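Undergrad: Here you go, one structure.
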Amino acid sequence: MGLPLKAWGLIFLTVGLAVTGCARKHVSLWQSLSNPDDIRQLKSFVAEKTAQADSATNEPFPEYASFFAAASNGDWAALNYIYQQLSSQGSAHPWRHGTRWEIMNEASGGLEAFGRGDEKYVHQFGNQIIESIPPGSIYFGGTDPGRFIVTAMQESQVEGKPFFTLTQNQLVDTGYLQYLTQMYGDRLYIPTDEDLQDCFNGYYADVQRREQNNELKPGEDISVDSSGRMRVSGAVAVMGVNALLVKVICDHNTNRDCFIEESFPLDWMYPYLEPHGLIFKLNHAPLDKLSDETLLKDHNYWTKTITPMIGDWMKNDTSVADVAAFGKKVYLYHDFSGFTGDTNFVLSSYSNQSFSKLRDAIAMLYAWRAKNSDDTAEKDRMNREADLAFRQSLAMCPDSPETVFNYAQFLADQDNRADALIVAETATAFNSNPQFESLVTSLKDYGPTWNRRNESQNPLFIGK
C-alpha cells in the first residue's frame, strides 16, 4: 500500500531547508543587480561580516582570504564554489565549528540568494518580512531564503537592528550557540550547555514514552546500542530538540516579541502561532482560536501578494482541477497566452518556491487547528482557510514536494481522493520523481471504498 503521505512528505522536509533555483550567474552581483539600494545594502552586509570574521579568534578556514575577497567583489559564483568545496570536506576539521564558519554560512547564503533568485522577488521577500517585524523582536529564519535574505537585508544583523536574527535549525550545534552568545549574549538569553542537555533529555524521555505507546513520528529513527541504550537519530529528532531550544529562548526573553519563518513543523508551536504576513508570530501564550480579523488579514495579504505574481484568477471557489491546469499551462509548458502575472516569477524557481513554501506553512497551521478542534463550525472555518492557502501555494509552485504531499494528505483527510490524485498526478507531469509516483500509487491503492470506519488501516491516515 506504500508509505503514509506524511512519511513521504518528511523525506522532503530536510530538502525544504534549502530551495533550489535558476541557473548561476557568473558575473559580479555589483554588475548584475539593478537596484542601487540592494547593492549598497549587500556591500554593507559584506563589510560587516568581514569585520566580524576578522575579529574572531577561532581557527580560520582554508581559503579564508579568497572567500572574503570574492564576497567583497560580489563574485557569488566564486564564493559559492569555495563554500561547497570546504563543506564537502566533512565536519571533523576544527575550522568547521565556531564563529568564522557561521559567518561564512551567512555571507555565502546572503549573496547566493541574489545570485540565484530573481532580484525583484528576493528584495520583496526580504523587505516584506523585515518591515513586518517590530524593532527589538527575535526572528527565527528557517529556510535558506528566510534566514539568509533577511540576514543580508536587515540594517545590521550583528547589532540586532532592527531585530535579532537567528535560525532554529542549528540550535543543537554548540558552535552555533557559542556564535549567538558572542553576538547577542549581552542582550538576549541564549541557551547554555545545561539548557541544551536538558532539551536532549526532555526529547529522549518523550521519545521513550511515545515509543511505548506506538506514537513515534515518521522519520524518527530509533535504535538500541550494544549497551541496551536507546538512540534517536535523523532530521526529525534533530528538529525535535531544536524546537525545545526555541521554547527556551522565547520563555527567557518574554520582554520581546518572537517571530518565526518555518522550515520544519515544530509541534509544540502550533497553539502559539498566528499568521503574520509571510511568516508567523510566535506568541508567548497559546491562542484558543484565530480571530476572524486574523483570517481576513491573512486572506487579503496573500491575495494582494500573489496577484502580481500569478494573475488575479484565483478565487475562493477556484477548483483544484483549474489550479492544476494553470500549473501545467504556465509552469510546465510556458504557455503565457492570457497570463496576467509576471513571467519572471514563474521562471525563477528559487523565488516561486520561496513564497510557495511559506503559504504552505500557513495552510498547515490551519489544517492542524481543524484537525484538533472538536467544534464543527471551527473545523469548517479552518478547513476553508487551509484549502485556499494550499491552492495558492500550489498555484505558485505546482511541483513543490511539501505542498504536493501536504495538500494531498489534507484532501485525503477530507475524503476527497479525486482532487488529491489531481494534485499528485500534476506533480508527476513535471518530473519522474519516484516519491511523486509512489504518492499516486498510494492514492490509487487507497480505493474508492475507503471510509472513516477503516481509517486506522488506511495508508493515508494521520491521527492527531
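Here, each number is a calculation from the coordinates, and none is a lab measurement. Predicted model only: the values in this text are computed from it and were never measured. Because the Cβ atoms are built from the backbone with ideal geometry, glycine has one as well, and the counts that use them run over all protein chains shown.
Undergrad: With Kirkwood's inverse mean 1/r over C-alpha pairs for Rh, give me the Rg to Rh ratio of the stretch 250-352, two decimals please.
TA: Answer for the stretch 250-352: 1.08.
Undergrad: Let me ask you something else. Work from the charge dipole of the chain (Cβ charges, +1 for Lys and Arg, -1 for Asp and Glu, about the Cα centre) and give the residue of GLY341, LEU278, ALA370 farthest towards its positive end.
TA: Farthest towards the positive end: GLY341.
Undergrad: For a bin width of 5 Å, list the pair-distance distribution of the stretch 294-457 built from all Cα-Cα distances, rounded to whole %.
TA: Here the calculated profile for the stretch 294-457 is 1, 9, 18, 21, 21, 15, 8, 5, 2, 0.
Undergrad: Using helices alone, I'd like the mean residue ellipticity at 222 nm for the chain: each DSSP H run of four-plus residues gives -39500 (n - 2.57), total over residue count, nearest 500.
TA: Helix contribution divided over all residues of the chain: -17500 deg cm²/dmol.
Undergrad: Follow-up question, since we're still on this one. List, largest first, the extents of the alpha carbons of the stretch 192-247 along their principal axes, each in whole Å.
TA: That gives 29, 25, 18 Å along the principal axes, largest extent first.
Undergrad: Let me ask something else about it. Looking at the stretch 96-228, what % of the alpha carbon pairs are farther apart than 18 Å?
TA: 63 percent
Undergrad: Taking the mean number of other Cβ atoms within 10 Å as a proxy for protection, how do you rank 282-289, 339-346 from highest to lowest?
TA: Answer by packing, highest mean first, reads 339-346, 282-289.
Undergrad: Measuring from centroid to centroid over Cα atoms, what is the spacing of the stretch 172-247 and the stretch 308-380 in Å?
TA: Between the Cα centres of the stretch 172-247 and the stretch 308-380 lies a distance of 34 Å.
Undergrad: Quick one: Karplus J couplings for the stretch 48-57, per residue in order, coefficients 6.51, -1.76, 1.60, θ = phi - 60°, nearest Hz, x for Gly and Pro?
TA: 5, 5, 5, 5, 5, 5, 5, 8, 6, 10
Undergrad: Sticking with this structure for a sec: Only counting other Cβ atoms within 10 Å, I'd like THR307, THR403, THR165, THR254 sorted with the fewest neighbours first.
TA: Fewest-to-most ranking of THR307, THR403, THR165, THR254: THR254, THR307, THR165, THR403.
Undergrad: Just in the stretch 165-262: which GluC sites (Glu not before Pro) are loop by DSSP and have at most 13 other Cβ atoms within 10 Å?
TA: GLU215
Undergrad: A further question on this structure: What ranking do 374-384, 108-118, 321-331 get when scored by the average of other Cβ atoms within 10 Å per residue, highest first?
TA: Top to bottom by mean Cβ count within 10 Å: 108-118, 321-331, 374-384.
Undergrad: How big is the C-alpha Rg of the chain next to the rule-of-thumb value 2.2 N^0.38 Å, as a ratio?
TA: 0.98
Undergrad: Kindly work out what percent of the DSSP beta bridges joining two residues of the chain are antiparallel, to the nearest 5.
TA: Roughly 65 percent of the DSSP beta bridges within the chain come out antiparallel.
Undergrad: So how strong a dipole does the stretch 233-335 carry about its Cα centre when Lys and Arg Cβ are +1 and Asp and Glu Cβ are -1, to the nearest 20 debye?
TA: Rounded to the nearest 20 debye, it is 180 debye.
Undergrad: Show me the ranking of peptides 29-39, 236-246, 408-418 by mean Cβ neighbours inside 10 Å, starting with the highest.
TA: By packing density, highest mean first, the sequence is 236-246, 408-418, 29-39.
Undergrad: For the stretch 39-125, state what percent of all Cα-Cα pairs lands in each successive 10 Å bin, counting from 0 Å until the bin that includes the largest distance.
TA: 17, 52, 26, 5
Undergrad: Charges at C-beta only: +1 for Lys and Arg, -1 for Asp and Glu. How large is the resulting dipole of the stretch 294-457 about its Cα centre, in Debye rounded to 20?
TA: The dipole magnitude comes to about 140 debye.
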